[in-house]
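Below is one structure, written out as structure tokens; comments come after it.
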Amino acid sequence: MKSSGLYIHIPFCIAKCSYCDFLSSPCDEHTKFAYYQALLKEIQLQGKLYGLKGTNRRISTIFFGGGTP
């Protein structure tokens with residue numbers, strides 16, 4: 001069985017780290033909530049389009065990154 005990793009970036013930072021090349025910015029609670037709702041919809045859509053059920057693949061690792069460390 002083939003396995004893949006998944007990285008989900010959360011782009012809300014208090015300050016930008018000098019080594020970071022990812023999109024990031026500060027935001028309010030409304031923006032964060034809207035982002036998380038959109039992220040959940042996107043995960044559901046991608047699951048329907050490219051679902052792994054019945055295939056020879058699986059997600060073995062999910063990493064959440066971003067935000068000020």
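Residues in the range 6-16 that are over 23 Å from residue 43 (Cα atoms) and surrounded by 12 or more Cβ atoms within 10 Å (Cβ to Cβ): 16 alone. Comparison of 31, 55 shows that the only residue that is touching a strand residue (DSSP E or B) at 6+ places or on another chain (Cβ under 9 Å) and modelled with pLDDT under 80 is 55.
Every residue, every condition in (1) aliphatic (A, V, I, L, M); (2) in a helix (DSSP H, G or I); (3) exposed (fewer than 12 other Cβ atoms within 10 Å of the Cβ); (4) touching a Leu at 6+ places or on another chain (Cβ under 6 Å), yes or no:
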{"site": "4", "(1), (2), (3), (4)": "no, no, yes, no"}
{"site": "18", "(1), (2), (3), (4)": "no, no, yes, no"}
{"site": "30", "(1), (2), (3), (4)": "no, yes, yes, no"}
{"site": "33", "(1), (2), (3), (4)": "no, yes, yes, no"}
{"site": "39", "(1), (2), (3), (4)": "yes, yes, no, no"}
{"site": "44", "(1), (2), (3), (4)": "no, yes, yes, no"}
{"site": "48", "(1), (2), (3), (4)": "no, yes, yes, no"}
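Taking residues in the range 49-68 that are on the phi > 0 side of the Ramachandran plot, and partners anywhere that are polar (S, T, N, Q), the pairs with Cβ atoms closer than 7 Å and at least 6 places apart or on different chains are 66/24. Give all pairs with beta carbons closer than 7 Å in which a residue from the range 12-36 that is under 17 Å from residue 64 (Cα atoms) and without any contact (Cβ under 8 Å) to a residue 24 or more places away in the chain meets a residue that is open to solvent by less than 100 Å² (accessible area, probe 1.4 Å) and of a type in the set (A, V, I, L, M); count only pairs at least 6 apart in sequence or on separate chains. Hits for this filter: zero, empty list.
The values are calculated or read from the model by the stated rules, or taken from the named source; none is laboratory data. A quick note: this is a predicted structure, and the numbers were derived from the prediction, not measured. Because the Cβ atoms are built from the backbone with ideal geometry, glycine has one as well, and the counts that use them run over all protein chains shown. Please note that ligands, DNA and RNA were not included when accessible areas were found on the heavy atoms of the full protein model with its side chains. Shrake-Rupley method; radii C 1.70, N 1.55, O 1.52, S 1.80 Å.
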